[in-house]
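Enquirer: Below: one structure in structure tokens.
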Amino acid sequence: MNRESYDDGDIVRILRATRTIAIIGASPDPMRHSHRVLAYMRHQGFTVYPVNPAVAGREIFGVTAVGSLADIPAPIDMVDVFRRQDAIPGVVDEVVNLRREKNIRFLWMQLDLYDEAAARHAREVGIEVVMDRCLKIEHGRLMSHRG
């Protein structure tokens, strides 16, 4: 399986252009990576929407989780994915279908998530894709010392 490399400048540009993030697979469990990424990104000043049908209606850091991207009541700059590998094509289909309505510009797949065909599908409609990278790690590495 090929892994893409990303220029740090491109990652910085994406992070600077992002203010709202939907986290698919967000969890209220503090032991889950999605929980820690959500907490970190909120602390960094991002508006973060937890998306997880299993916990829809529950609050995570004061934000009510929703069951799907369509339930988010605002535009979304980035969708960050914490799901099983086999769920990626369905998630990408949802992102592609809602891209205009929600103004989605970026799709981020967390560490160990990579789907070349799904990424190509998203890119064909103008969504920039980052795969197999942790949003929290990349933000901390590239943005903690920048203005």
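The values are calculated or read from the model by the stated rules, or taken from the named source; none is laboratory data. A quick note: this is a predicted structure, and the numbers were derived from the prediction, not measured. Quick reminder, even Gly has a Cβ in these numbers, built from the backbone with ideal geometry, and neighbours come from all protein chains shown.
Enquirer: Given the criterion modelled with pLDDT of 95 or more and over 17 Å from H121 (Cα atoms), identify the matching residue among N97, N52.
Expert: Numbers: N97 fails: over 17 Å from H121 (Cα atoms).
Checking each option against the conditions leaves just N52.
Enquirer: Scan the stretch 1-46 residue by residue and report those that are part of a loop (DSSP other than H, G, I, E, B) and basic (K, R).
Expert: Step one: of the stretch 1-46, the residues part of a loop (DSSP other than H, G, I, E, B) are 1-7, 18-19, 25-32, 44-46.
Within the stretch 1-46, R3, R19, R32 meet the criteria.
Enquirer: Would you tally the residues in the stretch 47-60 being surrounded by 15 or more Cβ atoms within 10 Å (Cβ to Cβ) and either in contact with an Asp or Glu (Cβ under 7 Å, 6 or more places away or on another chain) or part of a loop (DSSP other than H, G, I, E, B) (or both)?
Expert: Let us first name the residues in the stretch 47-60 that are surrounded by 15 or more Cβ atoms within 10 Å (Cβ to Cβ), namely 47-52, 55, 60.
Pick out the ones that are also either in contact with an Asp or Glu (Cβ under 7 Å, 6 or more places away or on another chain) or part of a loop (DSSP other than H, G, I, E, B) (or both) and you get 52, 55.
Qualifying residue count for the region: 2.
Enquirer: Hey, another quick one. So, in the stretch 100-113, of the ones that are surrounded by fewer than 19 Cβ atoms within 10 Å (Cβ to Cβ) and either acidic (D, E) or over 25 Å from P73 (Cα atoms) (or both), which residue ends up modelled with the highest pLDDT?
Expert: The initial filter retains those residues of the stretch 100-113 that are surrounded by fewer than 19 Cβ atoms within 10 Å (Cβ to Cβ), namely 100-101, 103, 105, 111-112.
Imposing the further condition that a residue be either acidic (D, E) or over 25 Å from P73 (Cα atoms) (or both) reduces the set to 101, 111-112.
Numbers: E101: 97, L111: 91, D112: 91.
Across the stretch 100-113, the extreme among qualifying residues is E101.
Enquirer: Since K136 meets every condition but one in (1) touching a Lys or Arg at 6+ places or on another chain (Cβ under 8 Å); (2) assigned to a helix (DSSP H, G or I); (3) over 18 Å from T47 (Cβ atoms), which condition does it not meet?
Expert: It is condition (3) that K136 fails.
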